[in-house]
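For reference, the structure I am asking about is given below.
Just so it is clear, none of the values below were taken in a lab; they were calculated from the coordinates. Keep in mind that this is a model prediction, so the values were computed, not measured. Don't worry about glycine lacking a Cβ; one is built from the backbone with ideal geometry, like all the others, and counts go over all protein chains shown.
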Amino acid sequence: MFRTAAPICLALAVLGAALCCWPPVAGAASEASAARKTLRAFDDEQQLAGLFKRWADEAKRRKDEAQQARLKKADGAAPSTQALPPPAPRPAPAAAAPAATGKAESVTNVQHAGVDEGGIVKLHGDHLVILRRGRLFTVRIAGQDLRPISAIDAFGPEVDPQGAWYDEMLISGNTLVVIGYSYARGGSEIGVFDLTPDGRLSYRATYHLRSNDYYSSRNYASRLVGNKLIVYSPHVLSPWGDPYAAFPAVRRWRPGALPSDFKRIAPATRIYRSDEALDPFAGVALHSVAICDLAQPELDCHSTAVLGPPGRVFYVSPNSVFVWTTAWRSGVLATAPVSAVFRIPLDGSPPSALKTAGSPIDQFSFLEDERGMLNVLLRSNGRGDGMWAAESGAGELALMRVALASFSDGKDEVPNDAYLRLPKPAGYAIQSRYIGPYLVYGAGSGWSVPTGGVRSPVFAVRYAAGEVHEVPLVHPVDRIEALGSHALVVGSDGKDLHLTSVRLSDQPATVDRHLRPGAAQGETRSHGFFYKPESEVDGLLGLPIIGGGESAARQLSTGSAAILYLRNRGLALSELGTLVARPAQNEGNDACRASCVDWYGNARPLFVRGRVFALMGYEIVEGRVAQKRLIEIRRVNYSPLPLQIAR
């Protein structure tokens, strides 16, 4: 599926049908016994080739049978049927996955401290680095400076950017990487750039990582832990062609690059699966987690991959990578187990898995907590978070809580008492966050036009105890964020924007509500919000806004009108003001060659070294808090074209 605005409605309309056997027993998770086994990999390339040969033989049999059926139908005879061959034997053990350690600073609103996420703006020394419409920019902010320094294409000088999207950026030391996807070349691209202390950018190399499109309306394809770049890539395998053509592989880009330049990074002994029978005709994907060492001059990547159904959600904790796979099945096919969760530890130990029910909504459905437990918010209907699959609230909800020690060789199913049935909120798109001991969730309008007159409560679940608290609201739930150990809930009533603080105590309750008339949030992605704590109970927050009643999908083509800033004083919210966008008259004519739709948004609040900034399109506006109000003090337009610069 190409990333055009048109498929959004189609993608939302064809979400998966309900899964049967949804766990009927409510209650907290029981303690599981220590892991007995880990997943087994293929013994060697010959064993893997044997599996693919069985797929190819079955594909040929089906093709021949279909041809015979057509001939018999022409003669008035009914076609014959034949049973499928038995599943392949269970594969054998493999070597451990590569290790990844360390923590990285990030100015991004990340899910876990120390696990940075690919974004559109990062901080490098005295410079903001911005990824915008296929280009990279640096802006100096040392002292009281606000000055564009450098600009460069986000792709190599010999790379044709046509049909490519350059989505995410990460920085490790003086190395910058851009993660993109090329429909023309059929895979992910990793562009590597050098950054100097004075803000200069230079291109080093481009690497082509074979994959299907990783895009998700909520999730991010890349993470950074220390100097280890983690990239998730799905690879749908077809029995009708050459499965190896979709296998994880890397090549350094060069003019006239050939398919033979690819070097596989997932040998058979690093490909794992459970004992669940796989039907390639119903959909099988190789879910690859590549770990690349950014400390090396040449990108060195190794992949650990798991075979499973195509639906997926990808989550990275400080300790592990989790891949949840879900089959795209309905009707009688849904009677078999259709989901599994795979755990790939970052310490290099072998992966493990559990059979499960349901599907997470997005990466925020997960929490690997400090007690060694995995908590996951699930819905009974879902296909993962690929493309716009997360933007629906269809199905019943449950919280799964299992011990990491219960993960084993994939034969075991999560027991019924590990699922806690949860009330389903009114609303279309479900939002959730884990904050302190609570899972907080609710529902709102998602990418659709906000609806008036809808009141949807937010639910606070003490996940270790299984306690569910309903907190009434006067508005839907379009965003949930942490204010320290408490929560902020944001939603539009179709006309005005509401921001409600919620105290997460023994009895969660609302504390304060701020109303911004004639507004709605201008960014749906998690990175669009930022909270800067000043103490345990106080802080500043920023959120892009647009006009009330406008669809959030407009963020793909139109920038936010302003960024709203509030002060939090012990959960009492007061408005400091807004920094307003004033784009140059000819800003749309920027000679964009690639990534000309803002799939990852274009507005971010930034709090850097006691200063307040607003990134809005090609503008960076700085404000200063004076007399309890935020006033603009300077702005710069960093566009690549000679536009008017206001100061």
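Please list the non-local residues whose amide H lies under 5 Å from the amide H of residue 634, H modeled 1.01 Å from N, same-chain partners needing a gap of 5 or more.
622
Past 18 Å, Cα to Cα, is the threshold; run 53/355; 495/628; 355/411 against it and keep the listed order.
Flagged as over cut-off: 53/355; 495/628.
So what's the Cα pair-distance distribution over the range 230-380, bin width 5 Å, in %?
All Cα pairs, binned at 5 Å, distribute as 2, 9, 17, 20, 19, 14, 10, 5, 3, 1, 0 percent.
May I ask you to order 488-497, 382-391 by the average number of other C-beta atoms within 10 Å around their residues, highest value first?
In descending order of packing, they fall as 382-391, 488-497.
When all C-alpha to C-alpha distances in the range 341-426 are sorted into bins of 10 Å, what percent of pairs does each bin hold, rounded to whole numbers?
17, 48, 29, 5, 0
Mind checking which lysines have their Cα closer than 20 Å to the Cα of residue 263? Skip sequence neighbours fewer than 8 apart in that chain.
Within reach: 228.
A further question on this structure: Return the lysines within reach of residue 532: Cα separation strictly under 16 angstrom, same-chain partners fewer than 8 residues apart disregarded; answer none if there are no such residues.
Cα-Cα hits under 16 Å: 122.
Step through the residues of the range 151-162 one at a time and calculate ³J(HN,Hα) from phi using the Karplus curve (6.51 cos²θ - 1.76 cosθ + 1.60, θ = phi - 60°), rounding each to whole Hz and writing x for Gly and Pro.
8, 7, 4, 7, 9, x, x, 10, 9, 7, x, 4
Counting only C-alpha contacts under 8 Å and six or more residues apart, can you give the relative contact order of the range 129-221 as a whole percent?
RCO, the range 129-221: 21 percent.
Classify the range 380-433: rounded, prolate or oblate, from the alpha-carbon gyration tensor (a ≥ b ≥ c, eigenvalue square roots; a/c under 1.5 rounded; otherwise prolate if a/b is larger than b/c)?
The shape class here is prolate.
Of 344, 367, 378, which is farthest on the positive side of the dipole of the range 334-387, counting Cα position, with +1 on Lys and Arg Cβ, -1 on Asp and Glu Cβ, and the Cα centre as origin?
My answer, from the dipole projection, is 378.
Which one, 508, 530, 486, projects farthest toward the positive side of the charge dipole computed for the range 486-551 from Cβ point charges (K/R +1, D/E -1)?
Working it through, the farthest residue towards the positive pole turns out to be 530.
Would you pull out the residues with amide H under 5 Å of residue 496's amide H, same chain only if 5 or more places away, H placed 1.01 Å from N?
518, 519
Convert each backbone phi in the range 593-609 into a coupling constant with the Karplus relation 6.51 cos²θ - 1.76 cosθ + 1.60 (shift: θ = phi - 60°), then list the ³J(HN,Hα) values in order as whole Hz, x for Gly and Pro.
Each residue's phi maps through the Karplus curve to give 10, 7, 6, 8, 10, 7, 4, 9, x, 9, 10, 8, x, 10, 10, 10, 6 Hz.
What's the local net charge at residue 431, with K and R +1, D and E -1, over the other residues with C-beta under 11 Å away?
Here the charged neighbours net out to -1.
Now a separate question. Give the peptides 192-199, 615-622, 122-129 in descending order of average Cβ contacts within 10 Å, highest first.
The densest-packed peptide leads the list: 615-622, 122-129, 192-199.
Now for a separate question. Ranking request for peptides 534-544, 299-309: highest mean number of other beta-carbon atoms within 10 Å first, then the rest in descending order.
Put in order of decreasing packing, that is 299-309, 534-544.
Using amide H atoms built 1.01 Å from N in the peptide plane, name the residues 5+ places from residue 107, or on other chains, whose amide H lies under 5 Å from its own.
123
Among 233, 212, 201, which residue has its Cα furthest toward the positive end of the charge dipole of the range 199-249, with +1 on Lys/Arg Cβ and -1 on Asp/Glu Cβ?
Final value for the positive-end residue is 201.
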